[in-house]
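Undergrad: Dropping the structure in here first, questions after.
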Amino acid sequence: MNVYDSARMADVLAPLGYAPVDDPADADMVILNTCHIREKAAEKVFAELGRLRPAKAKREAAGEGMIIAVAGCVAQAEGAEILRRSPFVDVVLGPQTYHRLPEMVARATRARAERHGGGRSAGVLDTEFPVESKFDHLPESTAAPGVTAFLSVQEGCDKFCTFCVVPYTRGAEFSRPVDAIAAEARRLVKAGAREITLLGQNVNAYHGASPHAEVSAAGAAATEWGLGRLIRHLAEIDGLQRLRYTTSHPRDMDEELIAAHADVPALMPYLHLPVQSGSNRILDAMNRGHTIDDYRRTVDALRAACSDIALSSDFIVGFPGESDADFDATLRLVEDVGYAQAYSFKYSPRPGTPAAVMAGQVSEGAKAGRLDRLQELLREQQAAFNRRCVGRRLAVLFDRAGRREGQLVGRSPYLQPVHAHASTDLLGRIVDVTIAAVHPNSLAGSIVATRPRQRLPASSSSDLGEVCA
């Protein structure tokens, strides 16, 4: 989401004459687009600001100047604190207000002139949730997206998990109209994108106004589409070869979306479906709104629809009140489901969330020990999944040059990085690659065909371990 937002900020600033540069020291403006999901991510913001301060002072001494802006969810949550701790910051803006960046830049420029004249003008702070959608005010992107592209279809979250800041920093759920999404997707494909990942904090809660939807007297769309129908619609765009979506909530995996995994060849057989814990007691404390049995039924339905689907997930260890038995339940779930990839973290209290003040906070030592055990199991599962791909042919979309001369890198249907020696004329194409080796973070193989391929044939087994067998 932040990659997408950053690209759109560049679009907003382009009419003012701004263009990207590689070195912050050469920049007239530096924007830190931030994440607030964990404490470590937030602290990195202040560390980076400390590194930027001397660069800003050097440019100002040379009469060139540098506007420093902090955007994103840290800015939304801690805007005033950022200006207090780092008064040299010129602009602080939330994730829903970056369509107003030109106005903020003008205000920051005037404030800088006032300070040089002896005034005491403070930095610009704009973190109010706007009444209007930012998407209604963003210009069409003019930058080439590359072979793969992100497209935001939904923002915000209404789930209010007790550990999460998203409802407070991104706001309530909002879904873009189908027509607007389809128009942006067509522009991306026309500019060279062959794979699009649909984005949302809770993407499968998407409920956007259908094409040419009538509007009721109350102002609500008379008809709405869910994510499954949107995916079918986008899959009809000529030249769009692959679709993905992230991140999903188990509660919103409806029948229409699950069926799309069976019926839409362009929809890749890889799904990130965070569960967070294998314990019903902890899921209830997290306010996740589903049980482990619900999650298992969803996994079963997905594998019935698409037997070669690979799953990834998120896990939090050491949530307040988590016992050894609760953690053991998480390990059992991982063993039973089997994941191709997963992200796992120690619980990090976020200010203002209910979990931060819950009783039963788990010690850092216990968190670390549990995380080590979980990550060892997850690494074993990922390595086994990758090893079973050796000798198989995977359809790879090559999207960039590799580190070595004559090497291209792309992604398998399961999102694995794959590198092979190949001609640059295969960039942007889906080709068959025979997998020959597994590396810690990628697969290696050789080209065996140049005809387009969408995905592997469905496996006869619903077990993740048999996907590449």
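Undergrad: Amide H neighbours of M29 under 5 Å, counting only residues 5+ apart in sequence or on other chains, H built in-plane at 1.01 Å?
TA: I67
Undergrad: Name the long-range amide H neighbours of E224: under 5 Å, sequence gap of 5 or more, or other chain; modelled H, no Pro or chain starts.
TA: For E224, the qualifying residues are S210.
Undergrad: Mean residue ellipticity at 222 nm from the helices of the chain, using -39,500 (n - 2.57) per DSSP H segment of n ≥ 4 over the full residue count, to the nearest 500 deg cm²/dmol?
TA: About -10500 deg cm²/dmol.
Undergrad: Please sort 8-14, 152-158, 378-384 by packing, taking for each peptide the average over its residues of neighbouring beta carbons within 10 angstrom, highest first.
TA: The packing order, highest mean first, is 152-158, 8-14, 378-384.
Undergrad: Give me Rg over Rh for segment 58-168, both radii from the alpha carbons and Rh done the Kirkwood way, two decimal places.
TA: Across segment 58-168, the Cα-based Rg/Rh ratio is 1.03.
Undergrad: I want to check the label-to-label distance for A384 and A259. Put each point 7 Å from Cα in the C-beta direction and report it in nm to one decimal.
TA: 3.4 nm
Undergrad: Based on the mean of other Cβ atoms within 10 Å per residue, sort peptides 79-91, 238-250 so the most packed one is first.
TA: Ranking the peptides 79-91, 238-250 by packing returns 238-250, 79-91.
Undergrad: Between the alpha-carbon centers of segment 426-448 and segment 268-340, tell me the distance in whole angstrom.
TA: Between the Cα centre of segment 426-448 and that of segment 268-340, the gap is 30 Å.
Undergrad: Tell me the angle of helix 39-61 to the major Cα principal axis of the chain, expressed in degrees between 0 and 90 and rounded to the nearest ten.
TA: 40 degrees
Undergrad: Just order 192-198, 17-23, 132-138, 301-307 by mean Cβ neighbour count inside 10 Å, highest at the front, would you?
TA: 192-198, 301-307, 132-138, 17-23
Undergrad: Using amide H atoms built 1.01 Å from N in the peptide plane, name the residues 5+ places from S313, or on other chains, whose amide H lies under 5 Å from its own.
TA: L273, Q341, A342, Y343
Undergrad: Determine the percent antiparallel among the DSSP beta bridges restricted to the chain, to the nearest 5.
TA: Around 45 percent of the beta bridges assigned by DSSP in the chain are antiparallel ones.
Undergrad: Further question on the same structure: May I ask for the distance between the Cα centers of segment 51-69 and segment 341-361, given as a whole number of Å?
TA: 37 Å
Undergrad: Once you have the alpha carbon radius of gyration of the chain, what is it after dividing by 2.2 N^0.38 Å, with N set to its residue count?
TA: Dividing the Cα Rg of the chain by 2.2 N^0.38 Å gives 1.03.
Undergrad: Please report how many Lys pairs in the chain have alpha carbons closer than 19 angstrom, counting only residues at least 8 apart along the chain or sitting on separate chains.
TA: Taking the Cα cut-off of 19 Å, the pair count is 5.
Each value in this text was obtained by applying a stated rule to the coordinates, not by laboratory testing. Nothing here was measured: the structure is a model prediction, and the numbers come from that model. Cβ atoms come from the backbone with ideal geometry, glycine included; neighbour counts cover every protein chain shown.
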